Structure formats: structure tokens, C-alpha cells
């Protein structure tokens with residue numbers, strides 16, 4: 001064997017080894033993440049595994065998708081947006097509507113009133129009507145990537161052939177809407193967590209949390225179980 005051939009074979013072996021560590025070997029077992037998320041909604045990780053198995057995305061892209069879903073859903077525990085804000089929460093999260101606003105609005109009237117909050121903060125955008133249309137509440141965040149707004153709901157419902165917005169609160173709807181969002185936003189070939197984060201929320205909010213989820217998911221899937229040295233011969 002020539003030195004050049006030996007060097008080439010060694011490089012290929014290293015690349016193959018690194019690929020298996022970073023993005024898996026094409027046999028990624030998503031069900032293994034159940035141990036990292038013991039409080040996940042029953043059946044949701046199984047549904048993710050089932051649906052992602054149908055997609056031709058690279059493992060690294062699927063891992064990023066799972067990390068984004070984990071962040072957006074509080075560790076796969078919630079598929080409906082929680083708008084039950086305290087006074088401090090309203091002012092911190094929605095200062096545009098409850099602090100720096102020209103509209104005479106008493107924040108105390110909205111404390112712990114999720115429907116009223118949704119109808120204010122989501123009014124007149126994303127295809128929604130005004131505050132009194134009820135669209136903000138009807139089309140609040142649902143699904144693993146928090147599908148929000150009448151325009152997005154309409155597109156997703158047409159694509160998935162459903163008519164009830166509450167479908168996205170089900171395990172099936174939460175998973176399928178997230179996959180639809182990933183595809184429609186052309187993220188299925190993306191290998192950069194920050195890029196996908198910007199596409200989801202317009203900025204880098206929660207990036208550290210998303211990184212932590214990505215690391216936890218990779219560890220759950222790829223880390224080999226430690227040998228029990230106590231039982232060694």
C-alpha cells in the first residue's frame with residue numbers, strides 16, 4: 001500500500017467516525033430522547049419519530065428540528081401557547097402593548113386573562129382582524145413550533161387538509177404542523193441552529209436554551225451506555 005493510499009484511507013476513516021459522532025450513522029433512534037424528556041406529552045416523541053422517519057432530511061437537520069421543538073414546547077410538554085401573564089410578565093414581554101402605547105389601556109384589566117391578552121397582542125397582524133375579532137385568541141400559538149396567526153393557520157390547514165384550528169393542539173397536529181413549518185420555510189437542509197432560530201422568531205431569542213436542548217438530544221441519542229465495571233470479570 002502506497003503512502004498516498006494509506007493517507008487517503010485514514011482520512012476517510014476519520015471523516016466517517018466524526019460524522020457518526022456529530023450527525024449519526026443514518027440509523028438515528030429518536031425514541032432515545034424520551035429519557036431526556038420524561039415529562040413529555042404522552043405519545044408525542046413516538047409521533048415525532050414516526051413522522052421524521054418519512055423525511056429525507058440529514059440527521060443533523062433532524063436534530064436541530066428536535067431542539068427547536070423542544071425549546072418552543074418547554075421540553076415537549078406544551079403545544080398551546082401559555083398567555084396567562086402576571087402584571088410584571090405583561091410589561092416585560094409585551095411593553096409595546098402595555099407600557100409604551102398610545103392606546104389608553106390599563107394593564108391590570110389583562111392580568112391572568114389569556115384570551116384578552118391574545119386578542120390585543122396579535123391584533124391586526126399575521127392575517128388577524130382587530131382586537132375585537134377574536135382572531136388573536138383563535139389563532140394563538142399551537143403546535144411544537146407554535147404556529148401563530150390566521151394567515152399561517154389557513155396555509156397549514158389547507159396543506160394538512162384540516163378545518164379545525166384545535167387540530168394543532170393534538171399530538172398529531174402539533175407534530176405535523178411543525179414539520180410543515182420546517183418545510184415551508186425551507187429549513188430542511190439547514191445545519192445552523194442560529195439560522196433556524198432567526199427564521200422561527202425573527203431573532204436569536206432563547207439561543208442558549210436551544211443549544212442546551214440540542215446537546216441534550218445528541219447525548220440521549222448517540223452516547224453509548226457506560227459499562228458496569230462492578231460486574232466486570
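The values are calculated or read from the model by the stated rules, or taken from the named source; none is laboratory data. Remember, predicted model here, so these are calculated numbers, not experimental data. Positions of Cβ are backbone-derived with ideal geometry, glycine not excepted, and every protein chain shown enters the neighbour counts.
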Note to self: Which condition from (1) more than 21 Å from the chain's Cα centre (by Cα); (2) in a helix (DSSP H, G or I) is the one that residue 112 breaks?
What the structure shows: (2)
Notebook entry, point to check: Would segment 223-231 turn up any residue that is farther than 28 Å from residue 58 by Cβ, surrounded by fewer than 20 Cβ atoms within 10 Å (Cβ to Cβ) and in contact with a helix residue (DSSP H, G or I) (Cβ under 7 Å, 6 or more places away or on another chain)?
Noted result: no
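Out of the helices (runs of 4 or more DSSP H) lying entirely within segment 37-99, which hold 1 or more residues that are under 23 Å from residue 211 (Cα atoms)? Talk me through it step by step, then tell me what you get.
On the way: elements: 44-52, 59-72, 87-93, 95-98.
In segment 37-99, the matching helices (runs of 4 or more DSSP H) lie at 44-52, 59-72, 87-93.
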Notebook entry, point to check: Looking at this structure, is residue 176 more than 23 Å from residue 75 (Cβ to Cβ) and out of contact with any strand residue (DSSP E or B) (no Cβ under 7 Å at 6 or more places or on another chain)?
Noted result: no
Notebook entry, point to check: Is it true that some residue in segment 210-221 is closer than 23 Å to residue 54 by Cα and part of a loop (DSSP other than H, G, I, E, B)?
Noted result: no
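For (1) touching a strand residue (DSSP E or B) at 6+ places or on another chain (Cβ under 7 Å); (2) assigned by TED's automatic domain parsing to the domain that holds residue 194; (3) under 21 Å from residue 152 (Cβ atoms); (4) without any contact (Cβ under 8 Å) to a residue 12 or more places away in the chain, each residue gets a yes or a no:
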residue	(1), (2), (3), (4)
75	no, yes, no, no
106	no, no, no, yes
113	no, no, no, yes
123	no, no, yes, no
Note to self: Just to verify a result, which residue in segment 192-206, among those that are in a helix (DSSP H, G or I) and within 12 Å of the chain's Cα centre (by Cα), is farthest from residue 141 (Cα to Cα)?
What the structure shows: 193
